[in-house]
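K.L.:
Sharing a structure with you now.
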Amino acid sequence: MRLTGIRKLLALIGGFHLSGPAFEPVIGPTVAAFTELAPELIVPGHCTGWRARHTLAAALPDAWVQTSVGTTYTLSAPSRVMPDPG
């Protein structure tokens with residue numbers, strides 16, 4: 001967002017790798033950072049870990065979606081009209 005100047009985050013999709021004893025201490029700060037970003041959609045993959053997935057679901061209930069194999073997401077954003085150079 002800092003690089004693009006776009007203020008709204010549409011989606012966070014992927015495996016966040018927050019499972020296991022080494023990574024569980026960062027679940028809280030990661031969820032806090034994701035909450036601050038306020039995505040419209042958050043889809044954590046299986047390697048996010050069940051504790052992190054449950055924490056994300058509680059923190060971002062309107063954005064959180066349980067994913068499964070074969071799920072397809074179609075995302076769109078408003079088109080940006082470019083000024084006529086002529």
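The values are calculated or read from the model by the stated rules, or taken from the named source; none is laboratory data. Every value quoted in this text rests on a predicted model; they were computed, and no experiment measured them. A quick note on method: Cβ atoms are made from the backbone with ideal geometry, for glycine too, and the neighbour counts reach across all protein chains shown. Side chains included, ligands, DNA and RNA excluded: accessible areas come from the protein's heavy atoms. Shrake-Rupley method; radii C 1.70, N 1.55, O 1.52, S 1.80 Å.
K.L.:
Can you give the accessible area of TRP50 in Å² (nearest 10), computed on protein heavy atoms with a 1.4 Å probe?
P.N.:
150
K.L.:
May I pose another question? Label ALA38 and ILE6 with points 7 Å out from Cα along Cα→Cβ: what is the distance between them in nm?
P.N.:
Between ALA38 and ILE6, the simple spin-label model gives 1.7 nm.
K.L.:
What share of all Cα pairs of the chain, in percent, falls into each consecutive 10 Å distance bin?
P.N.:
Going from the shortest bin to the longest, the percentages are 15, 43, 27, 9, 4, 1.
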